1. Every residue in region 125-142 that is out of contact with any Lys or Arg (no Cβ under 9 Å at 6 or more places or on another chain), in a helix (DSSP H, G or I) and surrounded by 15 or more Cβ atoms within 10 Å (Cβ to Cβ), please.
2. Quick test for you: out of V122, V145, pick the one residue that is assigned to a helix (DSSP H, G or I), buried (at least 18 other Cβ atoms within 10 Å of the Cβ) and either more than 30 Å from the chain's Cα centre (by Cα) or not assigned by TED's automatic domain parsing to the domain that holds E59 (or both).
3. Restricting to region 22-65, and then to whatever is of a type in the set (S, T, Y) and over 26 Å from L232 (Cβ atoms), can you tell me which residue is surrounded by the most Cβ atoms within 10 Å (Cβ to Cβ)?
4. Only residues that are more than 22 Å from A125 (Cβ to Cβ) and part of a helix (DSSP H, G or I): list them for region 76-111, please.
5. What number goes with the only condition from (1) under 26 Å from T357 (Cα atoms); (2) out of contact with any helix residue (DSSP H, G or I) (no Cβ under 7 Å at 6 or more places or on another chain); (3) of a type in the set (S, T, N, Q) that S84 does not pass?
6. With (1) free of Cβ contacts under 8 Å to residues at least 60 places away in the same chain; (2) of a type outside the set (F, W, Y); (3) in a loop (DSSP other than H, G, I, E, B); (4) within 14 Å of Y34 (Cα to Cα) as the list, and V114 as the residue in question, which single condition is left unmet?
7. I'd like to know if region 5-15 contains one or more residues that are hydrophobic (A, V, I, L, M, F, W, C) and either touching an Asp or Glu at 6+ places or on another chain (Cβ under 7 Å) or modelled with pLDDT of 95 or more (or both).
8. When region 411-429 is examined, which residues are found to be under 16 Å from D366 (Cα atoms), in a strand (DSSP E or B) and within 24 Å of the chain's Cα centre (by Cα)?
Amino acid sequence: MFESMATPRDLVALARERSAAVRRAEADVMVIAYEWAVAHPAREDGADAAVFHSPVGFEPISGDGTPEVNEYAVAELGGALGLSTDAAKKLIGHALELAHRLPKLWARLTAGEVPVWRARLVAEATIHAYPALPAEGVAWIDSQVAPFIEKMGRAAIDRLIERAMKLYGLATAGDDDAPSDTRHVTIVGERDPFAQTMQVHAELDIADALDLEQAVAAGAAGLKAAGCEESLDVRRSLALGELARHQTALDLAGAGAGDSTVERTTARRVDLQLHFTANVEPDGSLSFGATGHLENRQRLVLLEQVRRWVGTSHTDVRILPVVDLNSSLATERYEPTDRLRRQVLLRDETCVFPHCTRPSRRCDVDHVVPFDHDATAEGRPQPGHTVTENLATLCRGHHRLKTHTGWRLDSPANGVFEWTSPHGQRFRRDRHGTTDLTPAAI
């Protein structure tokens, strides 16, 4: 490739030149992200501000005092950079944090003097420090880290964050007298005495948390089936209350002091979606591969492990019908049938927006061509049939993006999705991932 490079010295010189160019380009991308954020502010009330969503609420993408960014503008920049929307949020948040709260470090970054990844380490730490750092604490970190960032790694940055918290009167989870086991359940009672609700905070063992999640989800679904019209969040809270009233835990209080063992009264059930490749042998028998895919935990699983799970008395096993991903299923209704929904979830695996990796089981199933609820009553043909080829899995954020903004979605073939952004970028999303179809001269 570099036949003209006659000596190792020439190659070293070229490496230094290219490395400097990469550093400059990465710094330029950070500046572009900042300018994009400034050009797309959120509304004054912050209702459309970009945030990170989590099961317990949301977090801002950058620290206190930085400008808020319109959530619908993020995906366009992410598409141009080949990033998921969440990764683009993080990039924009880091740029805002550096420009507004770490200005000394930002100046060195934009001058091409420090690697972008090191500066972003600092921004990530100051954005998500808990408890949150006050502005003067962040300014102190900026003054300490900016001159020496080339020599600092993650551990040194974490020590600075801890030092800033102590200097500015904030306790850290790393204090010597802090408990090492963080599991807890806390009922918050110190609120408005006239409030009709109370807050519950908990940190559980992973297995216990998964059990609780399934129990709450099942309870919320049962309430909906029984006619409850409350929102999903309200139904989940009601289901948790029902668990408290009708709990099936062990009768630990009734166990005698001499009891050496206590039998578990109910089998633990954790639903796992397992996929194994099946082959028809010459004699007509069916064989399975030794390894399969554990879908909702994104890892491999051994067939022998599954056999052990089936054989244990404490495992509740459900066998679901095999779904042919190549067949076409349909219904006249707006809502897909359970079998059709499962087929689409298994086919797409993730949200089908460019570069999004949100698992399909946490997504909505949406019509590519919208379903016309009035077509039948008015004698018109249905433009958006509820059929395999016209359905796609979209996470809630990208579902809203498709519905409320200028992003356009087409599906030229089953499981193939082509997106066009408001600014003319084009992407294809299929089982192989995201392909950029944007013309060179956009």
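The values are calculated or read from the model by the stated rules, or taken from the named source; none is laboratory data. The structure presented is a predicted model; accordingly, all values stated were derived computationally and were not measured. Please note: Cβ atoms are built from the backbone with ideal geometry, for glycine as well, and neighbour counts cover all protein chains shown.
1. Within region 125-142, G137 is the sole residue that qualifies.
2. Of V122, V145, the one residue that is assigned to a helix (DSSP H, G or I), buried (at least 18 other Cβ atoms within 10 Å of the Cβ) and either more than 30 Å from the chain's Cα centre (by Cα) or not assigned by TED's automatic domain parsing to the domain that holds E59 (or both) is V145.
3. Filtering first and then ranking leaves S62.
4. Matches in region 76-111: E76, L77, G78, G79, A80, L81, T85.
5. (2)
6. Of the numbered conditions (1) free of Cβ contacts under 8 Å to residues at least 60 places away in the same chain; (2) of a type outside the set (F, W, Y); (3) in a loop (DSSP other than H, G, I, E, B); (4) within 14 Å of Y34 (Cα to Cα), the odd one out for V114 is (4).
7. Looking through region 5-15, none of the residues is hydrophobic (A, V, I, L, M, F, W, C) and either touching an Asp or Glu at 6+ places or on another chain (Cβ under 7 Å) or modelled with pLDDT of 95 or more (or both).
8. Across region 411-429, the qualifying residues are V416, F417, E418, W419, R429.
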